[in-house]
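What follows is a short report on a single structure.
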């Protein structure tokens, strides 16, 4: 270690010694590799990655303190940027470095931002969105001219969304402006480091440094006295046992998959908290102030536990967390590993974690996930090519910075990892879309946003820059409305989805911020509520979509079920359940498809064990019931989980094979997709990212009047008059990958190759029984729905004393 | 029944689910807020390039209604054009389609805030129009005589999370939904609209069939 230390300058060696610190080998490796063009450090959470990333910068600036921007740091979180600024203050002060470190995010003042452009700091800490804006200024070449280093923190998280694509496009711009700047990506544990390296690089291979992963985590399933319920996702049954664990530990993070279940679970914990242990709640629907308060309390060690959602997957490290509890199936092993890493940040202590299945089936999934963690078998779907809506936005931002030549910009864009294989034709289509809207109807010479003058594309009207800049970014939150108490200080409790707010009737109750509130009215785009003594809310379903279990984990679950020798690892109640299934029917097998039919009352049931994830099985349910309708099999409804699809109707299905034919399913998909709400939602996001629809308008009033018409109308219009428009293509590609997830249906059908096992059971089978209790049943649309609407309208009229 | 029939100031009116008003006894069809040329105006003014098919779509939907009902009189209740320039710049094929619709019937363009003056298009350009006790104008007046039919507000109603343009009426006043393809809207229960009506007012939602709910619940 002493030899390694010698690679550091004397002042830095002294500093480490004064602090009594030993640099980790990977920290020194970063210093040695400081000149490598593209470097990726993979280290478990808490390995001191971030400060290590700055070490070469500090060393360089200590010997060479030129003015101007030296290092650009990008993080997915504003809070993280601010936190790093504070953390860097100590070493720079103690090392006696005279350098400026500033952050630039959505929270930075206008004055500060202007000054940063005129006189950039040595180290600028920012987010992908703020960086995209920076490169859209005409003075971007001057700001970035001397840039030496680019650090991308939490790159694994950025790579999972369009924010990563946007960032990589911005970075290839920087490479044009500052060709010698080197890149460093900092990542938590991922399944495919080379893929992440390719994402980061400009074309030359990325060098990957993998830090010692540390000791195996201490992870187990929480065994409660009472078995988990047959269905549900809340985990409330385990509240008592979890409270005992919270008492036994210093600080506990309780992860739970959805905001609504987090609210409910938080309530369940407080209902049995006789010692009034300080327990907080943190999720994305809470107001920024409410979240800030909880984060602040956590940082000072004032909380014993936080119930949270993915909102705490990233962020500031809290050294004191000694237990992580995951309530509900983890759905994804990689994310579970990253969450577990939030416990015990001291590098060589094992992280301690407990898995709490929310229902009987999840006992199996938790066991499978646990084994996957111990075997380091991480999951993850490969990234698709860079999305074109993000590219369109990038082209518009580059146009704002003063114009571009198509050939040069095409070469530059292809230096971004996600766009390395972008065909020229697609790039040209994006430029055409930005310039004229890209409509098939070409007669419109007035449709011109960009003009081409002597080979340079530029904005027709320079005033458009403001509108474009106001509408950048790829974070597409669902439309939400703030929730406030009526009267009083009007403090915001949090936010709910607009579509949820639309379903509320005066007198309805729902949970937010850990309390039950009574809906009063919708005023000026705010949901007004009052306090209520009622304990049982009408459940708040803020988020409509649920994460599907990953392909890899689904496979493991399926294999586990087919391997009875492994069942001894399960609690007795679950073993008994599986043995009953074996006796009455059979176990699903990975290379075959188990289909069960049984009658229950007047209803014929069909259960398909597809193991393809909730979204894919939901799609399969819609497609199969449609085919059943065509064949006169009278389906009435269905419900999908991550593992199985249950359909009920009036007639028994005796031959399931024709219903599962891949080609006819795909034909059905194309027809169904075109008029589907999922498509419209996907279109809306793409249309916003590509700046077809502007979310923010200069001087927008909050009058409650819809500023613009809905994007659904644009979708319907394009579908009718211009179905091959660029945005329609983007929408189709994304819908199939995302919520529709048809790829996983095809993968399943390919895997079973027609090997279908049909079991006609005498009654409901043990594995199918929990599905009968599932929420989220989908009635078959058609005449039945219109009748419902009619009944509701009549009831409203009657209540109001009016007759239609 | 897919439409909604109602008596209004001794006239028998029909709210069609497509968003137009049909007065059978007078053989009169009334639509409001067509906003023809809206995408052109947006492209011209702000540089936002929405699909240029809205005017065609609006006129095709209007043509369907005219084919079905063969009205003697058609009233467009104002804001028929998104602005006067948009009206002047309508494509030749759209102008031709419009001319075939107008030919052979009495066509009344009520002027609106978006189209305050006459355009060089067939039909009578009027600030308001009266027939058999009913008054047609663009914007509802605070204190008006009974029998006023207007547009302007683009009222919308939602039930079970579905939001649709709607008619609003009580015994004295009727407001039509916007007929144009690219039109936003204002919730009918918003005070700006609701205060124009008494407590018996209803909202008639458009869509595949008309659904009637109390205006206050809209």
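The values are calculated or read from the model by the stated rules, or taken from the named source; none is laboratory data. If you're wondering where the values come from, they're calculated on a predicted model, not measured in any experiment. Neighbour counts run over all protein chains shown; Cβ positions are idealised from the backbone, glycine included.
Every residue in segment A:624-656 that is in contact (Cβ under 8 Å) with a residue 60 or more places away in the chain, over 24 Å from residue A:763 (Cβ atoms) and surrounded by fewer than 24 Cβ atoms within 10 Å (Cβ to Cβ), please.
Within segment A:624-656, just A:629 meets the criteria.
When you scan segment B:150-173, how many residues do you find that are more than 9 Å from chain A (Cβ to nearest Cβ), surrounded by fewer than 19 Cβ atoms within 10 Å (Cβ to Cβ) and either under 19 Å from residue B:128 (Cβ atoms) or touching a helix residue (DSSP H, G or I) at 6+ places or on another chain (Cβ under 9 Å) (or both)?
Residues in segment B:150-173 being more than 9 Å from chain A (Cβ to nearest Cβ), surrounded by fewer than 19 Cβ atoms within 10 Å (Cβ to Cβ) and either under 19 Å from residue B:128 (Cβ atoms) or touching a helix residue (DSSP H, G or I) at 6+ places or on another chain (Cβ under 9 Å) (or both): 2 in total.
Take the residues of segment B:15-52 that are within 14 Å of chain A (Cβ to nearest Cβ) and more than 17 Å from residue A:709 (Cβ to Cβ): which is surrounded by the fewest Cβ atoms within 10 Å (Cβ to Cβ)? It would help to see each step written out before you state the result.
Of all residues in segment B:15-52, those within 14 Å of chain A (Cβ to nearest Cβ) come to B:15, B:17, B:19, B:33-35, B:37-52.
Imposing the further condition that a residue be more than 17 Å from residue A:709 (Cβ to Cβ) reduces the set to B:15, B:17, B:44, B:47.
Numbers: B:15: 26, B:17: 18, B:44: 16, B:47: 20.
Per the criteria, the residue is B:44.
Would segment A:147-160 turn up any residue that is in a loop (DSSP other than H, G, I, E, B), within 20 Å of the chain's Cα centre (by Cα) and under 16 Å from residue A:474 (Cα atoms)?
Yes; the residues of segment A:147-160 include at least one that is in a loop (DSSP other than H, G, I, E, B), within 20 Å of the chain's Cα centre (by Cα) and under 16 Å from residue A:474 (Cα atoms).
So residue A:718 fits all but one of (1) surrounded by fewer than 21 Cβ atoms within 10 Å (Cβ to Cβ); (2) within 14 Å of chain B (Cβ to nearest Cβ); what number is the exception?
Exception for residue A:718: condition (1).
Residues checked against (1) crowded, with 23+ Cβ neighbours inside 10 Å; (2) under 21 Å from residue A:279 (Cα atoms); (3) modelled with pLDDT of 85 or more:
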position	(1), (2), (3)
A:324	yes, yes, yes
A:330	yes, no, yes
A:337	yes, no, yes
A:347	no, no, no
A:353	yes, yes, yes
A:359	yes, no, yes
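Of all residues in segment A:224-252, count the ones that are farther than 28 Å from residue A:575 by Cα and crowded, with 23+ Cβ neighbours inside 10 Å.
The initial filter retains those residues of segment A:224-252 that are farther than 28 Å from residue A:575 by Cα, namely A:246-252.
Applying the additional criterion that residues be crowded, with 23+ Cβ neighbours inside 10 Å yields A:252.
Result for segment A:224-252: 1.
If you check A:456, A:465, which single one turns out to be at pLDDT 90 or above and over 20 Å from residue A:165 (Cβ atoms)?
Values: A:465 fails: at pLDDT 90 or above.
One residue alone meets the criteria, A:456.
Do we find a residue being closer than 24 Å to residue A:733 by Cα, in a loop (DSSP other than H, G, I, E, B) and either modelled with pLDDT under 95 or touching a strand residue (DSSP E or B) at 6+ places or on another chain (Cβ under 9 Å) (or both) anywhere in segment A:618-634?
Within segment A:618-634, not a single residue is closer than 24 Å to residue A:733 by Cα, in a loop (DSSP other than H, G, I, E, B) and either modelled with pLDDT under 95 or touching a strand residue (DSSP E or B) at 6+ places or on another chain (Cβ under 9 Å) (or both).
Given the criteria at pLDDT below 90, loosely packed, with under 15 Cβ neighbours inside 10 Å, within 14 Å of chain A (Cβ to nearest Cβ) and closer than 27 Å to residue A:711 by Cα, does residue B:185 qualify?
The answer is no for residue B:185.
Return the residue satisfying two criteria in turn: it lies in segment A:178-192 and is over 20 Å from the mean Cα position of the chain (by Cα) and farther than 13 Å from residue A:72 by Cα, and of such residues it is surrounded by the most Cβ atoms within 10 Å (Cβ to Cβ).
A:180
Could you check, for segment B:174-182, whether at least one of its residues is at negative phi and facing another protein chain (nearest Cβ under 8 Å)?
For segment B:174-182, residues at negative phi and facing another protein chain (nearest Cβ under 8 Å): present.
Quickly run through segment A:97-111 and pick out the residues that are in contact (Cβ under 8 Å) with a residue 24 or more places away in the chain, more than 15 Å from residue A:83 (Cβ to Cβ) and over 29 Å from the mean Cα position of the chain (by Cα).
Those that are in contact (Cβ under 8 Å) with a residue 24 or more places away in the chain, more than 15 Å from residue A:83 (Cβ to Cβ) and over 29 Å from the mean Cα position of the chain (by Cα): A:97, A:98, A:99.
Report whether or not residue A:469 is touching a helix residue (DSSP H, G or I) at 6+ places or on another chain (Cβ under 7 Å), loosely packed, with under 15 Cβ neighbours inside 10 Å and either closer than 24 Å to residue B:51 by Cα or touching a residue at least 12 places away in the same chain (Cβ under 8 Å) (or both).
Here the answer is no, as residue A:469 does not meet what is asked.
Any chance you could count how many residues in segment B:53-73 are surrounded by 14 or more Cβ atoms within 10 Å (Cβ to Cβ) and within 14 Å of chain A (Cβ to nearest Cβ)?
8
Please go through segment B:205-218 and pick out each residue that is more than 9 Å from chain A (Cβ to nearest Cβ) and within 21 Å of residue A:506 (Cα to Cα).
B:215, B:218
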